[in-house]
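See structure below.
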């Protein structure tokens, strides 16, 4: 298999990765963008993005993704839908493998975002794959269903508001603390299709003969049984670094200091997971990369 060499490879086509690719394109560099699933990342789940400049009344996540895609196409950004594995850095270039080819990149931009924290293994039983999710996107076309959401952060209440347009939603918060924006929480509490419970912990989960989910919930000192169609676990996320080999992770700090590796967007921003921040990350990384390549030509 012939080794394909690129000055810059970007892994991930969410807001950060797209912004980096578009800025590189504007400055005369055409990176290779690798995306394993769909362009836009978690933005597909956003009910309403209200803090992205330029949209006075907010914009839905899918609509914003569509605009990003249109702009990327206009700027000539090419996206290959291949899952990337970062295997090594040989001192001169990163080695990357996909199911279709082997690649080398002088500079690597990781914009892989986050992955969901999973429910405890004891709660996962056979037959749940089509009923339990970590994102709202797969359920956006559902109507007349009952969806249970576990979580107390922005995602839980944003998902609830999105689904409540056509479904009944129950939000279960294990504790009492609300980690979401107050306006999201207030909107959810005021919505007639959303029920909220604090101090609610999922104790068991099963599938009945009709394919419905059966939940055993502890509410304070009481037990309550619920029946629903779907479960969304919005219980937190963590950096998605699974694509990188252990040798890369071992040297990750030095690779960044040497300006060969850039971690951008939600992958590195902890709790500050906002589209505007991710876009800024991508543009800044691209500008630094152009500066580096101009001083260290191939």
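Read-outs: derived from the displayed coordinates by stated rules, not from any lab. All values derive from a computational prediction rather than experimental measurement. Using ideal geometry, Cβ is built from the backbone for each residue, glycine included, and neighbour counts are taken over all protein chains shown.
Each label point was placed 7 Å from the Cα along the Cα-to-Cβ direction; for residue 75 and residue 166 their separation is 3.3 nm.
Axis angle, to the nearest 10 degrees, between helix 15-26 and the longest C-alpha principal axis of the chain: 30 degrees. Look at [x] 1.11; [y] 0.97; [z] 0.92: the one that is Cα Rg over 2.2 N^0.38 Å derived from this structure is [x]. Label zone of residue 99 (point 7 Å out along Cα→Cβ, amide N under 12 Å): in the stretch 30-44 this covers 36-37. With the simple model of a label 7 Å out from the Cα in the direction of the Cβ, residue 4 to residue 241 spans 2.8 nm.
Could you tell me the convex hull volume per residue, in Å³, taken over the Cα atoms of the stretch 118-233?
Values: hull volume 11.6 nm³, N = 116.
So the per-residue hull volume is 100 Å³.
Placing dummy labels 7 Å off each Cα toward the beta-carbon, the span from residue 128 to residue 88 is 4.0 nm. Relative to the longest principal axis of the Cα atoms of the chain, the long axis of helix 61-74 lies at roughly 20 degrees. Note on the stretch 205-220 and the stretch 74-122: Cα centroid distance 38 Å, given to the nearest whole angstrom.
Among beta bridges identified by DSSP and lying wholly in the stretch 118-233, the antiparallel ones come to about 50 percent.
Under the definition of Cα pairs under 8 Å and six or more residues apart, what whole-number percent is the relative contact order of the stretch 1-148? Don't jump to the answer; show the numbers that get you there.
Working: 223 pairs, mean separation 43.5, N = 148.
29 percent.
For the chain, relative contact order (Cα pairs under 8 Å, six or more residues apart, normalised by length) works out to 23 percent. Mean-square fluctuation check for the chain, GNM, Cα pairs under 10 Å: which of 17, 151, 28 is largest? Of 17, 151, 28, the most mobile in the Gaussian network model is 28. Size estimate for the stretch 1-134 follows the Kirkwood approach: the inverse of mean 1/r over distinct Cα pairs works out to 16.7 Å. Using the alpha-carbon centroid of each, what span in Å lies between the stretch 235-253 and the stretch 128-169? Going from one Cα centre to the other spans 28 Å.
For residue 55 and residue 201, calculate 0.36 nm times their separation in residues minus their Cα-Cα distance, and state this gained length in nm to one decimal. Show your work: numbers first, answer last.
On the way: separation 146, 0.36 × 146 = 52.56 nm, distance 3.79 nm.
Between residue 55 and residue 201, full extension yields 48.8 nm more.
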